[in-house]
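Heads up: the structure comes next, in structure tokens.
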Amino acid sequence: QSALTQPASVSGSPGQSITISCTGTSSDIGGYNYVSWYQQYPGKAPKLMIYEVSDRPSGVSNRFSGSKSGNTASLTISGLQAEDEADYYCSSYTSTNTLEVFGTGTKVTVL
Amino acid sequence: QVQLQESGPGLVKPSQTLSLTCNVSGGSISRGSYYWSWIRQPAGKGLEWIGRMYSSGSTNYNPSLKSRVTISEDTSKNQFSLELSSVTAADTAVYYCAREATQWLANDYWGQGTLVTVSS
């Protein structure tokens with residue numbers, strides 16, 4: 001099972017919106033709505049930002065939103081802020097023996 | 001508030017067995033509705049799912065590591081553990097334990113992570 005494909009980096013200016021893509025296959029993203037997104041600061045543990053494609057855990061800003069189309073999931077950060085500068089990883093359930101697969105990770109830079 | 005904390009040796013020799021424990025507070029690992037997982041991250045790289053266990057004791061492992069991995073529980077201490085045998089330098093990574101909700105299949109609580117280096 002290969003990792004899900006994400007762009008290595010995405011950047012934007014404060015206040016702008018950015019979107020991070022996460023591409024998989026019909027065995028993972030395309031076949032199930034178990035897509036999650038995690039935010040990770042350097043040296044820190046990942047934090048769950050989105051689950052089940054588009055749901056936000058309590059306490060996560062509504063500036064973060066998720067969606068899915070076919071085999072590609074997306075995370076959109078609106079009203080970009082300096083504190084959003086971090087690495088972001090997608091994850092999906094997969095029907096292969098691996099069961100859970102992560103994305104390659106995207107570094108978000110706030111210009 | 002659920003909290004997870006990894007513990008174990010930070011240095012393991014090649015060919016030996018890596019052993020880590022995750023102490024869980026604020027919730028029982030015996031309660032259903034959650035998987036208890038191990039995930040690792042080599043320096044500067046992405047996350048890799050290692051495996052998970054359920055309250056029933058059942059386990060699932062990443063096929064790429066399955067022959068070397070064992071995840072077990074100690075319900076009396078509310079802990080679960082990871083053993084990875086025959087380690088090499090490629091197993092050097094930060095190891096995280098995490099709770100995964102079975103309803104959402106998302107890891108909602110994570111430990112802070114512990115760095116394990118494989119070196120002689």
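Table for the structure above
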{"read-out": "Over 19 Å between alpha carbons, listed pairs A:Lys44/B:Lys66; A:Lys47/B:Lys45; A:Lys107/B:Lys66", "value": "A:Lys44/B:Lys66; A:Lys107/B:Lys66"}
{"read-out": "Accessible-area composition of segment B:1-76, carbon plus sulfur, in percent [1.4 Å probe]", "value": "44 percent"}
{"read-out": "Cβ-derived FRET efficiency at R0 25 Å, B:Lys45 paired with B:Ser85, nearest 0.05", "value": "0.70"}
{"read-out": "Accessible area in square angstrom per residue, segment B:21-120, 1.4 angstrom probe", "value": "42 Å²"}
{"read-out": "Prolate/oblate/rounded call for segment B:13-95, Cα gyration tensor, a/c under 1.5 rounded", "value": "prolate"}
{"read-out": "Cubic angstrom per residue, convex hull over Cα atoms of the protein assembly as shown", "value": "112 Å³"}
{"read-out": "Cut-off 15 Å, label 7 Å out along Cα→Cβ of B:Lys77, residues of segment B:14-31 by amide N", "value": "B:19-25, B:29"}
{"read-out": "Area buried, chain B against chain A - accessible surface, total, 1.4 angstrom probe, square angstrom", "value": "1700 Å²"}
{"read-out": "1.4 Å probe, heavy atoms, protein only - residues of segment A:91-111 losing at least 20 Å² accessible area vs chain alone", "value": "A:Tyr93, A:Asn97, A:Thr98, A:Leu99, A:Glu100, A:Phe102"}
{"read-out": "Antiparallel %, DSSP beta bridges [both residues in the protein assembly as shown], to 5", "value": "90 percent"}
{"read-out": "Chain A - Debye-derived log10 I(q)/I(0), Cα point model, q = 0.10, 0.13, 0.21 Å⁻¹", "value": "-0.25, -0.43, -1.09"}
{"read-out": "Pairwise label distance in nanometres, B:Thr70 with B:Asp108, each label 7 Å out on the Cα-Cβ vector", "value": "3.2 nm"}
{"read-out": "Accessible area per residue in Å² at 1.4 Å probe, computed on chain A", "value": "43 Å²"}
{"read-out": "Rough spin-label spacing in nm, given labels placed 7 Å along Cα→Cβ, for A:Asn33 and B:Ser15", "value": "5.3 nm"}
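The values are calculated or read from the model by the stated rules, or taken from the named source; none is laboratory data. In this text, all values refer to a predicted model and were calculated from it rather than measured experimentally. We place every Cβ from the backbone using ideal geometry, glycine too, and count neighbours over all the protein chains shown. Surface areas here come from the heavy atoms of the whole protein model, side chains and all, with no ligands, DNA or RNA. Shrake-Rupley method; radii C 1.70, N 1.55, O 1.52, S 1.80 Å.
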